[in-house]
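Here the structure comes first, spelled out in structure tokens, and everything after it is commentary.
Every read-out reported here was derived from the displayed coordinates using simple, explicitly stated rules and does not represent laboratory data. Treat the numbers as computed from the prediction; the structure is a model and nothing was measured. Here the Cβ positions follow ideal geometry from the backbone for every residue, glycine too, while neighbour counts run over all protein chains shown.
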Amino acid sequence: MTAVLPERPARPIGGRLVDQFEYGLDAPICLTWELTYACNLACVHCLSSSGRRDPRELSTAEAEAVIDELQRMQVFYVNVGGGEPTVRPDFWHLLDYAIGHDVGVKFSTNGIKLDKDRAEQLARTDYVDVQISLDGATAEVNDRVRGTGSFATAVRALENLAEAGMRDVKVSVVVTRENAGQLDEFKALTDRYGAQLRITRFRPSGRGADVWDRLHPTQAQQRELYAWLLANGEQVLTGDSFFHLSALGEALPGLNLCGAGRVVCLIDPVGDVYACPFAIHENFLAGNVRDEGGFQRVWQSSELFADLRSPQTGGACTKCAHFDACRGGCMAAKFFTGLPLDGPDPECVQGYGETALAARDKELATPRSSVDHSHTGPVRGRPTLLGIPAIPAKLCDESPLAGADLG
Amino acid sequence: MPTTAVAFDPSLPWQKARSVALRPEPFGALVYHFGNRKLSFLKSRTLVAVVEALAEHPTADATLTACGVPEAQRGTYVKALADLARSNMIEARTSLPPATRRLAADACRQADQPEDS
């Protein structure tokens, strides 16, 4: 049987951790679990194209079974997201269930459900981390991409958490062209609430693909970001997501490696397991937690993950002097911009990404995910980045006589 | 450097911190501290065995000997243990060491067995 399988390189003994991680781990270090596709917002750059709940989402019992499995596999904490995870009616139950089973929870939220009572409940709970999403240090910048009122909601949640004495709250920012100049303001804002700043890279995933051209940071902004991270990196979390910037010189702190399927993966709301939260696409679908053998079988035995667990040996990037620093960058960023996975990242700081983007075959459409739960009807406070939607403010505005002075 | 850092003395008794869990990995183990939520890695299986066996021996030095750490690598192992002490992954043990006859290298030999999977 084994003779017909393609030969895979064997794991080296000893050496650097980063080299070991390329061959994968027995269980993920950083597991993202999106509990629902339902969301009260309609952010223009949503990585999972969330909005509407999927009727096939895991039941409470199925979610508990996943937690049991994570405990057995010694996955010590999960990053819970969505959608907006707190709109799931059993969210608070699942939170307690996970903590009670040695699976710590760090959850991302837009803050919609974090009133004073919930803030106090969280402050009393050990082993939970809260991450409030904010994509502008001012309402003006934030609400353009996340929706009118979303800045106020997030700040209210931060106030409630600070008042309740919740410690180590994180403010999670996706760095875009519009907020890249606000890093110091973000730092000041998080300091004001005794919180910690977490900034991550914007990827062309989900609806992010629709706005990537206008929102991804410019080359100049990336260089500024790199300098800012070198100066402030110790106090700021990044999810190690900016490793492509390491090719500018000094390596950034953290794991400079694409962890997809190696140390990272995603369980989506319907139980599908993808290589990474930014790779919701059938090409990166490894299996489903409902399959026989559950999550453990998918993580340890899926063909896709086995393929991802080997060092990159070919492709243009391996010949680059900076390959050891950036390792070719982000798989999802390449895939969703239509670039080959063994070539440069679209935001390659040495400029090879721009060349590769320009050389793309214009006839070929970039890959798109078929998983889309975006709202189809009107959403209160819809983001205005893409223009004001053509919904009349008042029905009578459509009347040919509206506004006419008939006096 | 924080003033709370624990100085590591290999001639004293140590143990894996009570709020720390080890998860076996092909290259060694992942170390997780449930209290401060810090994550670390043990980069060799022998080091995993040493950390697991610390509580079974009167001193850290004795643990290294029992686990068969070669003289030439002792310094590396002591440094690794000192790093683990600094990050509170191992802690000084105040309880009396177990009886000498229980001191067999079994704690190590067991840890070297392949994990059930």
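Qualifying trypsin sites (Lys or Arg not before Pro) in segment B:9-60, where qualification requires a DSSP coil assignment and no more than 10 other C-beta atoms within 10 Å, comprise B:Arg18. When the label point is put 7 Å from the Cα of A:Asp191 along its Cα-to-beta-carbon vector, which residues of segment A:236-250 have a backbone N closer than 13 Å? Correct set: A:236. With both labels modelled 7 Å from their Cα along Cα-to-Cβ, the A:Leu341 to A:Asp324 distance reads 2.6 nm. Using the empirical formula 2.2 N^0.38 Å as the baseline, the Cα radius of gyration of segment A:24-310 reaches a ratio of 0.96. Solvent-free Debye calculation, one equal scatterer per alpha-carbon of the protein assembly as shown: log10 I(q)/I(0) at 0.09, 0.11, 0.13 Å⁻¹ equals -0.71, -1.04, -1.41.
With a 10 Å cut-off around each Cβ of A:20-33, the average count of Cβ atoms from other chains is 3. Pairs exceeding a 24 Å alpha-carbon distance, out of A:Lys106/B:Lys43; B:Lys38/B:Lys79; A:Lys334/A:Lys362; A:Lys187/A:Lys334; A:Lys170/B:Lys43: A:Lys106/B:Lys43; A:Lys187/A:Lys334; A:Lys170/B:Lys43. Among the GluC sites (Glu not before Pro) within segment A:263-354, those in coil by DSSP and having at most 13 neighbouring Cβ atoms inside 10 Å are A:Glu292. Reported to the nearest whole Å, the Cα centre-to-centre distance from segment A:136-174 to segment A:220-265 is 23.
Once the C-beta distance of A:Arg223 and B:Asp9 is scaled by a Förster radius of 51 Å, the resulting FRET efficiency is 0.65 to the nearest 0.05.
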